[in-house]
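Here the structure comes first, spelled out in structure tokens, and everything after it is commentary.
Please treat every number below as a calculation from the coordinates, not as lab data. Since the structure is predicted, the reported quantities are computational estimates derived from the model, not experimental observations. Please note: Cβ atoms are built from the backbone with ideal geometry, for glycine as well, and neighbour counts cover all protein chains shown.
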Amino acid sequence: MSLTEKQLKKKLAVANKQIPADVVIKNGKIIDIFNLEVTEGDIAIAEGMFVGIGQFDGHQVIDATNRYVSPSFIDGHVHIESSMVTPSEYAKVVLPHGVTTVITDPHEIGNVSGSEGITFMIENSEDIPLDVFIMLPSCVPATPFENSGAELNASDLEPFYTHPRVLGLAEVMDYPSLKNGDDSIVDKIVMTSKYSNLIDGHLAGLDSDAINIFRSAGIKTDHECNTVSDALERLRRGMYLMIREGSVAKDLKLLIKVINVHNARRCLFCTDDKHLDDLMIEGSIDHSIRLAIQHGIPPLLAIQMASLNAAECYGLSNKGAIAPGYEADFVLLDDLETLGISEVYKHGTLVAKDGKYVGRSLNRKEPAATLTTTVQVPEILSKDLRIPMGDSQKAVMIEIIPNKLITNKLIETVHVEDGQFFPSIENDQLKLVVVERHKNTGNIGLGVVKGFKLKKGAIATTVAHDSHNIVATGTNDEDILKAITILKEMNGGLVVINNNEIIASLSLPIAGLLSTKDYITVNYELEKLKKALSMLEFNGDFNPFLTLSFLTLPVIPELKLTDLGLFDVKSNRHIPIIV
């Protein structure tokens, strides 16, 4: 943030008690995030910055009696697109949860619409009371084993580094290319080094040798740890550990065991991918803090991880603390056990109170027509969805693991009629379909998935990480075909089909990922989708749409499905379904 001579002189005069502060917080219990102590005193704010702790007068007084004054929270890694609302609407959702800064990677919309999609996310997040910092997508497409809507190389990304909110290069997930030193990723890392030393990693399922390779490339973070030993290895090799608690990937309860007084300063929280309804019910980083406290982390240490640690990880030197020289982004907490948030302030201005956004109206950047016409699919017939089994009765299939991004590779006997695979409700074996939707190629990937617990109908979505083709699963071809057709007509979204009829749907016309509506309307439509799932007799303890959306991500073990077919992540190749 640039500083004028007038602003500096005013801050100095307030700090020197020559003139009243703009705002003074009185009677609060101040969380000293550096020493992990609670202190007392007035807190002076001028020009949106903290300028003193002691005894001060001010034009406005905030009475924090019986409340804790805490630095606000930072989400270290999030894809805003997963909320299915635009950044300006997303701000209204997370600010009441004490989150005033996010580090986002717009690679979801980047995979669909390239530079135009990234530009939309930047422009829509301008001049809002949420600081949205950008890490540029490093892997668009994520791998060469699927078809996305765009390709971003180093020359495409470089112009974005002139923007003050662009911090670095986002999660590097194409490990084979990095390991082999391919120009596709080396060029981006070298280009980034001219502007930044911030590069995020994505080390899902990789061993310690891979950590050496990532660290040698200057990559400093990872949010894909699935075991305590993985987390420790990353910390030993100098990485920051991001402890993720999203809608599908819920790693906190396991990884929190890693935290101790020696390594906590290298740990922070992130949500990565979290649905709008989960954000509204559970919260964002505040939910991670509560869980950490419940699992034995001292409250002040958990708050430090959610504020100062995240700020320092990304070089945000004026964020994350209640101290002179830091931005006046803070929350008033009723207690340190349940982390009850009563008020949230951005630059000393109230933006949320009692769980509701109370800030100013936000102007929304409307998307261009090219961003709302991204579903390009030729006519698909029932015969295109057939999985021929020949003389075999056994198939390789994907087994989902509820609330995990990783999957299992299974070989099971399947139901075969007339040489074709048929879904089996009794064995919980459903058909899985991925349709390329960006360039009208007609590519259709087919597979078998186990664990969805659907008894009727089909579900489908254009939210399908990371290339965001259409993905559908169901108990019969007719409903699957209907779901795909409806998504084409809606220009993207989510849909529930039963007996060839639409039971519920959510339109996401911006790149097939984001709604043009306000968050309250979108949440209402999500609730209708949840209720519709009960009509398919779904009774699982996971979000089937989110689970479905990650079955297409060929960088997370073990099996995934792309528009080119069934993909074995460990062997890094497509494999046949038939055994």
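A few remarks follow.
- Sparsely packed GluC sites (Glu not before Pro) within segment 370-427, loop by DSSP, other Cβ within 10 Å at most 10: Glu379, Glu426
- Reported value for segment 399-460: 130 Å³ per residue, from the convex hull of its C-alpha atoms.
- For segment 531-579 versus segment 192-254, the inter-centroid distance based on Cα atoms is 23 Å.
- Within-10-Å neighbourhood charge of Gly445 [Cβ basis; K, R +1; D, E -1]: -2
- The modelled label-to-label distance for the pair Lys383/Lys250, using points 7 Å beyond Cα in the direction of Cβ, is 4.6 nm.
- Volume per residue of the convex hull around the Cα atoms, evaluated for segment 430-512, comes out as 85 Å³.
- Aspartates and glutamates with Cα under 12 Å of Lys453, excluding same-chain neighbours fewer than 8 positions away: Glu399, Glu426, Asp428, Glu537, Asp541
- Radius 12 Å from Cβ of Ser342, net charge of other residues (Lys, Arg +1; Asp, Glu -1): -2
- Hz values of 3J(HN,Hα) by residue in segment 289-305 - Karplus curve (6.51, -1.76, 1.60), Gly and Pro given as x: 4, 4, 4, 4, 5, 4, 9, x, 7, x, x, 5, 5, 5, 5, 4, 4
- FRET efficiency, 1/(1 + (r/R0)^6) with R0 56 Å, evaluated for Ser317 and Ser392 via beta carbons: 0.35
- Computed E for Arg364/Glu489 - FRET, C-beta separation, R0 25 angstrom, nearest 0.05: 0.50
- Separation in nanometres of the label points that stand 7 Å from Cα toward Cβ, at Lys353 and Asn153: 5.5 nm
- Sequence-separation-based contact order of the chain, relative, with Cα cut under 8 Å and 6+ spacing, percent: 15 percent
- A straight chain from Ile520 to Asn66 at 0.36 nm per residue would run longer than the Cα-Cα distance by 160.2 nm.
- Among beta bridges identified by DSSP and lying wholly in the chain, the antiparallel ones come to about 70 percent.
- Based on alpha carbons, the Rg and Dmax found for segment 1-89 are 16.4, 49 Å.
- For segment 413-443, trypsin sites (Lys or Arg not before Pro) are listed when DSSP marks them as loop and at most 13 other Cβ atoms sit within 10 Å of their Cβ; the list is Lys439.
- When the Cα positions of Ile459, Tyr519, Leu152 are compared along the charge dipole of the chain, Tyr519 comes out farthest toward the positive end, with charges on each C-beta of Lys, Arg, Asp and Glu.
- Annotation for segment 243-345: GluC sites (Glu not before Pro) lying in DSSP loop with at most 14 further Cβ atoms inside 10 Å of their Cβ are Glu337.
- Computed from label points 7 Å out along Cα-Cβ, the spacing between Gln18 and Asn197 is 3.7 nm.
- Pairs from the list Lys10/Lys346; Lys220/Lys531; Lys92/Lys560; Lys11/Lys257; Lys253/Lys319; Lys530/Lys560 with a Cα-Cα gap above 31 Å: Lys220/Lys531; Lys92/Lys560; Lys11/Lys257.
- Annotation: lysines with alpha-carbon distance below 17 angstrom to Lys6 (same-chain offsets under eight excluded): Lys17.
- Secondary-structure-derived ellipticity at 222 nm for the chain, considering helices only, amounts to -7000 deg cm²/dmol, per-run term -39500 (n - 2.57) for DSSP H runs with n ≥ 4.
- Of Met242, Leu301, Tyr357, farthest towards positive along the dipole that unit charges on Lys, Arg, Asp, Glu beta carbons give segment 242-383: Met242
- Environment charge at Ile575 (Cβ cut-off 10 Å; Lys +1, Arg +1, Asp -1, Glu -1): +1
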